[in-house]
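Engineer: Pasting a structure below so you can have a look.
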Amino acid sequence: MEKDLFLIIEEKLPELSKGHKLIAGYILSQYDKAAFMTAQKLGKTVGVSESTVVRFASELGFDGYPSLQKKLQELMRNKLTAVQRIEVTNEQMMNSDDVLGRVMGQDIERIRATLNENSNEDFNRAVDMITASNTIYIMGTRSSASIASFLSYYLSLIFPHVKLVPSITTSELFEKIMRIDSKDVMIGISFPRYSNQTVKALKYAKSNGAKVISITDSETSPLANYSDALLLARSDMASFVDSLVAPLSLVNALIVAISIKNIDLVTQTFEKLDKVWEDFDVYAKTEGSENV
């Protein structure tokens, strides 16, 4: 579906049955809660049957309630405030005495979903674009800055020209990337709520002929509009904390694939690094390592 879900509901509202109007009204006013309700719970909340909720999903053009719920979750991620995110998580976790197990279990599911939703074609294209580029620009702000920094660290050990674009004012941002051209690649990383700075950086890179790789959560992400390779990772909220487990796993896979494709260069680089690390006593020795 190309239209915004809320717009679809508003357009159909006048012709809906009484029960369907109750569901529609609740979704429009309480989308943050409705997105995580089962069909049974949503029906109970508004005073209709579970089957009425399922028929409502079909009325909107979905093949079932899970498809409607997934679409609603995708659309609402970028709308929630930090306080709303905390409220949603508290409601999900309030009856659980095993927060550790619930959160880690959800992260496992996010990795599975990330694996299923990604395109090998886009992934391999991203590897080729990074390998063939002159300069690699990496952009990620707010919580995504940690992933950008991690990716930059490892790519800098493989390639000589890697630039981590810092989170700065908009004018300074364009000063940092003003020389990007068709020989370069820009890697943008952002998840809901999406960073305007990252979107602007990708748009500028694309206009200058550079290749663009986006690491984000959905094909509806604003980063997708400028992408030559789109890599998707689930980052569903955990309270006000963004879950970065699946994005980091995806970045790990990207680094490994790049190192395999450039194995000779990587081997030479790490032979030099091992000597530097040893000569300058970079790493602390563990017990018994002195005799190794």
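Engineer: Can you pull the accessible area of L100 for me, 1.4 Å probe, Å² to the nearest 10?
Structural biologist: Its heavy atoms expose roughly 120 Å² to the probe.
Engineer: Points 7 angstrom from Cα along the Cβ direction at E172 and T38: gap in nanometres?
Structural biologist: 5.1
Engineer: If we sort 259-266, 209-216, 149-156 on the protection proxy, mean other Cβ atoms within 10 Å, highest first, what's the order?
Structural biologist: Sorting 259-266, 209-216, 149-156 by mean packing, highest first, produces 209-216, 149-156, 259-266.
Engineer: Tally Lys/Arg at +1 and Asp/Glu at -1 over every other residue whose Cβ is under 12 Å from the Cβ of R125; what's the total?
Structural biologist: -3
Engineer: Sticking with this one: Average projected area of the Cα convex hull of the range 133-279, in nm²?
Structural biologist: Computed as one quarter of the Cα hull surface, the answer is 9.5 nm².
Engineer: Using protein chains only and a probe of 1.4 angstrom, how many square angstrom of E121 are accessible, to the nearest 10?
Structural biologist: Taking all protein chains as shown, E121 has close to 120 Å².
Engineer: Relative contact order (percent) for the chain, with alpha-carbon contacts under 8 angstrom and 6 or more residues of separation?
Structural biologist: Relative contact order here is 16 percent.
Engineer: Further question on the same structure: To one decimal place, what orientation-averaged projected area in nm² is obtained for the convex hull of the Cα set of the range 149-202?
Structural biologist: 4.1
Engineer: Just grab the label-to-label distance for W277 and I108, each label 7 Å out from Cα along the Cβ direction, in nm (one decimal).
Structural biologist: 3.1
Engineer: Put a dot 7 Å past each Cα toward the Cβ at K183 and T220; how far apart are the dots in nm?
Structural biologist: 4.1
Engineer: Moving on to the next point. Once you have the Cα-Cα distance between Q73 and L100, take 0.36 nm times their residue separation minus that, and quote the gain in nm to one decimal.
Structural biologist: Answer, rounded to one decimal: 7.4 nm.
Engineer: Please report the orientation-averaged projected area of the chain, defined via the convex hull of its C-alpha atoms, in nm².
Structural biologist: The Cα convex hull of the chain, projected and averaged over all directions, gives 19.8 nm².
Engineer: Mind checking which helices in the chain clear 20 Å along their axis (Cα) and have mean Kyte-Doolittle hydropathy of 0.0 or more, DSSP H runs only?
Structural biologist: Helices passing the filter in the chain: 144-158, 245-261.
Engineer: Report, in deg cm²/dmol and to the nearest 500, the calculated mean residue ellipticity at 222 nm for the chain, where each DSSP H run with n ≥ 4 adds -39500 (n - 2.57) and the sum is divided by the residue count.
Structural biologist: That comes out to -17500 deg cm²/dmol.
Engineer: Please compute the per residue accessible area over the range 172-292 with all protein chains in place, 1.4 Å probe, rounded to a whole number of Å².
Structural biologist: Here the per-residue accessible area is 55 Å².
Engineer: While we're looking at this one, here's another question. With just the Cα atoms defining each centre, how far is the range 244-290 from the range 157-235? Give it in Å.
Structural biologist: One Cα centre to the other: 25 Å.
Engineer: Please work out whether the range 171-213 counts as rounded, prolate or oblate from its C-alpha gyration tensor, where a ≥ b ≥ c are the square roots of the eigenvalues and a/c under 1.5 means rounded, while otherwise a/b larger than b/c means prolate and anything else oblate?
Structural biologist: Cα axes put the range 171-213 in the oblate bin.
Engineer: A further question on this structure: Looking only at the range 23-51, which residues have a backbone nitrogen under 14 Å from a spot 7 Å from the Cα of K12 in the C-beta direction?
Structural biologist: Counting backbone N atoms under 14 Å from the label point, the list is 23-28.
The values are calculated or read from the model by the stated rules, or taken from the named source; none is laboratory data. What you are looking at is a predicted structure, and each value in this text was computed from that prediction instead of being measured. Cβ coordinates were reconstructed from backbone atoms using ideal geometry, including for glycine residues, and neighbour counts include every protein chain displayed. All accessible areas refer to the heavy atoms of the entire protein, side chains included, with ligands and DNA or RNA removed. Shrake-Rupley method; radii C 1.70, N 1.55, O 1.52, S 1.80 Å.
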